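Heads up, the thing below is written out as structure tokens.
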Amino acid sequence: MAAELLIIGGGLAGCEAALRAAGAGVSVRLVDMKPARFSPAHASPLLGELVCSNSLRSADPASAVGLLKAEMAVLGSHFIEAARASAVPAGKALAVDRERFAARLDNAVSSHALISREAGRVEELPASGVSIVATGPLTDGPLAENIAKLAGGGSLHFYDAIAPIVMTDSVDMSRAFWQDRYAEPGVGDYLNCPLSREEFSAFYQALTTGEQVPLHDFESPRFFEGCLPIEVMAARGEKTLLFGPMKPVGLEDPRSGRRPFAVVQLRKEDLGGRLMNLVGFQTKLTHAAQLQAFRLIPALAGAEFARLGSIHRNSFLDAPRALTPQLALRAAPQVFIAGQLSGVEGYVESAASGLLCGLNAARLLSGEPLLTPPPTTALGGLITHLMNQEAKSFQPSNINFGLLPPLAQRLPKKERGRALARRAFGDLLAWMAAQGLKPAEAPPLLA
Ligand SMILES: Cc1cc2nc3c(=O)[nH]c(=O)nc-3n(C[C@H](O)[C@H](O)[C@H](O)COP(=O)(O)OP(=O)(O)OC[C@H]3O[C@@H](n4cnc5c(N)ncnc54)[C@H](O)[C@@H]3O)c2cc1C
């Protein structure tokens, strides 16, 4: 069968888009440069690779990202299916064993009768035919500039940093304790490394004076606020850390029976729990400076690091001016842009935009009208952000409830999430019914 839809990039968005379009009966040609070539953040030959944290954030459907995941499940997301099948314990978050997760997505794509997979770097968009570009924030080669030119504007860049990972059996357990925030002491999936006031001071000093990797790009560095390097946060003052990633609230050190002055939390990276990442410790310090600083955390004094943190460029389009609400290029409506390159931020958001692109590309090929989900849904809220013409300098965003229209009545914060989710599920199901889309599962019940 002749390929009808070209998908460039088989990351989170590309896999989701391919499986969605193929599920609608479209034959897909998916091209990814792996394993011949890897971006600075990719290392696995598998498609669907998570490049940094293994967390897909909150599992609570009454949180914005939990709602987005629940909506994706209703829409039949393969990303969510793979995540559920490879979940590791992570308190109230959905975290995955990254190898199993990618293997599951890779296998779903590779074994699909309607998807043909090719290895190769794409340098230019084809002149004709329907395509989805899902090459991510580290789009390789001249393709990003090619798309930016086609979109009629310059591409934008900012920077992302990734967090270090330690071998669990190298953590000094006499100086660490298991506990989720506000859980009983000893109960939980997070391994806490406490610091006294003096230990924190020494660590803070090392963070703020450590040598940083110089940036070679012509632009001054701009970081995504939700994923700031730890030393950038530290430079804003001690309290930014003590009220941020190192906050000790809801924790009790069993050695003292008291709340520690500060903590570094470790979260499992794999199902076996052999690897743990330092939550919120993405960094652009040099490797030597990282080792110097992290060894000042008493529980990590002798720890073996499986990976140290690093920093990377991140590309995205000026979405409000470049894209339609169905995620096609205004200047080339047969080209859809999925994933981080479209201006969404985060794993779940990237996959969600892939789902929408897969759906719409299949509809374009079958002559059906293209779709945009209701703005009251989390998926619709993402599109609202991408279409925000008021943003003079567009910045990507994670999903958050601020992107959804407010409720008619003011509610306390605790009830607001549930009310927004109830409204979103109702509107999603009504919209799907109107478009002839069958729910893959019922939305979760909200107490
Ligand atoms: C360093 C870094 C850390 C991040 N950490 C997190 C995090 O912890 N949590 C989070 O939620 N989000 C994180 N993000 C943001 C974002 O969620 C991820 O980048 C996510 O993987 C984006 O999904 P995607 O499908 O758009 O791109 P990707 O998953 O990056 O997939 C792009 C694919 O396209 C291929 N490709 C690239 N160029 C070409 C080309 N020219 N031709 C053919 N193939 C090509 C690549 O090989 C890759 O497989 C991070 C981003 C970066 C850069």
Tell me what the chain gives for mean residue ellipticity at 222 nm when only DSSP H runs of n ≥ 4 count, each as -39,500 (n - 2.57), the sum divided by the residue total, rounded to 500 deg cm²/dmol. -9500 deg cm²/dmol
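Compute the relative contact order of segment 321-365 as a whole-number percentage, counting only Cα pairs closer than 8 Å that sit 6 or more residues apart in sequence. Please report the intermediate quantities before stating the final value.
Numbers: 46 pairs, mean separation 14.8, N = 45.
Result for segment 321-365 is 33 percent.
Defining a contact as two alpha carbons under 8 Å apart and six or more residues distant in sequence, what relative contact order in percent does the chain show? Before the final figure, lay out the partial values.
Details: 965 pairs, mean separation 99.6, N = 447.
Rounded, it is 22 percent for the chain.
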Put K69, K92, K239 in order of accessible area, largest first, 1.4 Å probe: what do you get? K92, K239, K69
What list of ³J(HN,Hα) values in whole Hz, one per residue of segment 60-68 in order, does the Karplus curve 6.51 cos²θ - 1.76 cosθ + 1.60 (θ = phi - 60°) give from phi, with Gly and Pro shown as x? 6, x, 8, 9, 4, 6, x, 5, 4
For a quick check: with amide H placed at 1.01 Å from N, whose amide H comes under 5 Å from L275's, ignoring anything fewer than 5 positions away on the same chain? T168, E269, D270
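Where Lys and Arg each count +1 and Asp and Glu each count -1, what net charge lies around A301 among other residues with Cβ under 9 Å from its Cβ?
Computed value for this residue: +1.
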Computed log₁₀ I(q)/I(0) - Debye formula, equal Cα scatterers, no solvent, segment 41-183, q 0.09, 0.12 Å⁻¹: -0.41, -0.72
Residue-normalised accessible area of the chain, given per residue in Å² at a 1.4 Å probe: 42
Accessible area (Å², 1.4 Å probe, nearest 10) - R321: 90
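Share of segment 257-317's accessible area from carbon and sulfur, percent, 1.4 Å? Walk me through the intermediate numbers first.
Working: 1080 of 2150 Å².
Within segment 257-317, the accessible surface is 50 percent carbon and sulfur.
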Across bins of 5 angstrom width beginning at 0, how are the C-alpha pair distances of segment 162-313 distributed, in whole percent? 2, 10, 20, 23, 21, 14, 7, 3, 1, 0, 0
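The chain: longest stretch without exposed chymotrypsin sites (Phe, Trp or Tyr not before Pro) (DSSP loop, at most 12 other Cβ within 10 Å), sites themselves excluded? Show your work: numbers first, answer last.
Values: sites that count: Y182, F218, F243.
Counting only loop sites that pass the neighbour cut-off, the longest clear stretch is 244-447.
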Where a ≥ b ≥ c are the square roots of the eigenvalues of the C-alpha gyration tensor, would you call the chain rounded, which needs a/c under 1.5, or, failing that, prolate if a/b is larger than b/c, or oblate? prolate
Using the Cα centre as the reference, give the magnitude of the dipole from point charges on the C-beta atoms of segment 162-313 (Lys, Arg: +1; Asp, Glu: -1; all else neutral), rounded to the nearest 20 debye. 220
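Probe radius 1.4 Å, ligands and nucleic acids left out: which of E345, E118, E184 has the largest accessible area, and how do the rest follow?
Numbers: E345 15, E118 80, E184 130 Å².
I get E184, E118, E345, largest accessible area first.
Net charge near Q179, counting Lys/Arg +1 and Asp/Glu -1 over other residues with Cβ under 15 Å of its Cβ?
Values: positive: K92, R175, R181, K247, R255, R258, R259, R267, K268; negative: D180, E184, D189, E252, D253.
After counting each charged neighbour, the total is +4.
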With label points built 7 Å along Cα→Cβ from the Cα atoms of R422 and K92, find their separation and express it in nm. 1.9
Residue by residue through segment 398-403, what is 3J(HN,Hα) from phi via Karplus (6.51 cos²θ - 1.76 cosθ + 1.60, θ = phi - 60°)? Round to whole Hz and write x for glycine and proline. 5, 5, 8, 5, x, 8
How large is ³J(HN,Hα), in whole Hz, for each residue of segment 349-360 in order, when computed from phi with the Karplus curve 6.51 cos²θ - 1.76 cosθ + 1.60 and θ = phi - 60°, using x for Gly and Pro? 5, 5, 5, 4, 5, x, 4, 5, 5, x, 4, 6
Taking placed amide H atoms and a strict 5 Å upper bound, the residues 5 or more places from V88 or on another chain that come that close are A95, V96, D97
Proximal charge balance of A352 [Cβ under 13 Å; K/R count +1, D/E count -1]: -1
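The values are calculated or read from the model by the stated rules, or taken from the named source; none is laboratory data. Since this is a predicted model, take the numbers as computed values, not measurements. With ideal geometry, Cβ positions are generated from the backbone for all residues, glycine too; neighbour counts draw on all protein chains shown. Only protein heavy atoms, including side chains, enter the accessible area calculation; ligands, DNA and RNA are left aside. Shrake-Rupley method; radii C 1.70, N 1.55, O 1.52, S 1.80 Å.
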